[in-house]
Amino acid sequence: MTDHILDPTPAPAPAPPSGLFEAERSAEIVAASFAGTADERLRQVLGALVRHTHAFVKEVGLTTEEWAAGVRFLTETGRTCDDTRQEFIMLSDVLGVSMLVETLNNPADGRFTESTVEGPFHLVDSPPRALGDSIDEAGQGGEPCLVTGRVMDADGHPVAGARVDVWQADADGFYDVQRPGEVPDRNLRGLFTADDDGRFRFRTIVPNCYPIPTDGPVGRLLRATGRHANRAAHLHIEVSAPGIRTLTTHLFVDGSRYLDSDAVFGVKESLIRAFTRVDDPARAAEHGLPNPFRHVDFPVTVRRDTEP
Ligand code: BEZ
Ligand code: FE
């Protein structure tokens, strides 16, 4: 017998070829498969996605049935999307991901108007309208309201000609795209151009709270977790102009229900405004509104591209 056969020290197990799957090193192995990705940012994002997804599977001990249920849920989410319905955005919204991305990418620093989610209903172009016009073409109820505002930069200079795009749900809580044929196309939407002093104004109805659509997988998720689907009353506003960073935000109605439990986490204190009751026949006539009406003023401070 030769010495090496008698050697009592067990030989070390041969290392598996590095690409073979092992649960302990799963994320490392899969991330390495993307090592050749030429786009550095894509490589970084995919690496982090793999690490966090694998850590999630391990943390919760995901079962095969749960994995399959997740695949079915995402498949259905995709199938629920069409030209006027974006279920994936809603899923991101109710998970708070949309708000996180929005807030991290648009720091207000106490100097700029805070941003909030765009939501899934800005799917169609708003119709250009003249300052002072009404966006309520259907006239199907709701309290008449005047919205005024001024677009400024952080130094208080007006942003002349800023585009102010607004959209909101109707008194029953539906957007026009949810009621095709029932209300005029582009009802409660408007694209306004601020005047030389950055000022804008338009007529509408006081927004009401409403539930996000619950007839799809996102609704099932909310029901399964005992969450309500309501959004606090709001008006969507997007402000853009050459040389400024586009601001996507909301104007929330002070006193609305759900301000502290908005289904998509969209409320920021600085965006809540009083819609003041005005009882003044002369002012009502001046703006083409019935008396009394509500008025809200929303000064908007935007970030110039030259800001650090
Ligand atoms: C919205 O405000 O239009 C909205 C936002 C998130 C989900 C559904 C609707
Ligand atoms: Fe909305």
Most fluctuating residue given options Ala68, Ala224, Ala38, as computed from a GNM of the chain linking Cα atoms under 10 Å: Ala38
When segment 139-186 is reduced to its Cα atoms, the Kirkwood hydrodynamic radius in Å: 13.6 Å
Heavy-atom accessible area per residue - segment 89-302, 1.4 Å, Å²: 44 Å²
Accessible area of segment 89-302 belonging to carbon and sulfur atoms, whole % at 1.4 Å probe: 49 percent
Cβ crowding within 10 Å averaged over residues, with 196-207, 52-63, 134-145 ranked highest first: 196-207, 134-145, 52-63
Rg over Rh, two decimals, the chain (C-alpha only, Kirkwood Rh): 1.16
Rounded, prolate or oblate (a/c below 1.5 giving rounded, otherwise prolate when a/b exceeds b/c) for segment 23-62 by Cα gyration tensor: oblate
Share of carbon and sulfur in the accessible heavy-atom surface of segment 23-62 [1.4 Å probe, %]: 61 percent
Segment 23-62 - accessible surface per residue (Å², probe 1.4 Å): 73 Å²
Low-density loop cleavage sites - trypsin sites (Lys or Arg not before Pro) in segment 78-119, where at most 13 other Cβ are within 10 Å (DSSP): Arg111
Whole-Hz ³J(HN,Hα) from phi, Karplus 6.51 cos²θ - 1.76 cosθ + 1.60, for segment 280-292, glycine and proline x: 7, x, 5, 5, 4, 5, 4, 9, x, 10, x, 9, x
Under 12 Å, Cβ to Cβ, from Arg111 - net charge with Lys/Arg +1 and Asp/Glu -1: -3
Segment 31-144 - percent relative contact order, Cα under 8 Å, separation 6 or more: 15 percent
Environment charge of Arg277, counting only residues whose C-beta is closer than 11 Å and scoring Lys/Arg +1, Asp/Glu -1: -2
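The values are calculated or read from the model by the stated rules, or taken from the named source; none is laboratory data. Just so we're clear, the structure is a prediction, and the values are computed from it rather than from any experiment. Reconstructed Cβ throughout: ideal geometry from the backbone, glycine too, with neighbour counts over all protein chains shown. Note: accessible area is taken over every heavy atom of the protein model, side chains too, but ligands, DNA and RNA are not part of it. Shrake-Rupley method; radii C 1.70, N 1.55, O 1.52, S 1.80 Å.
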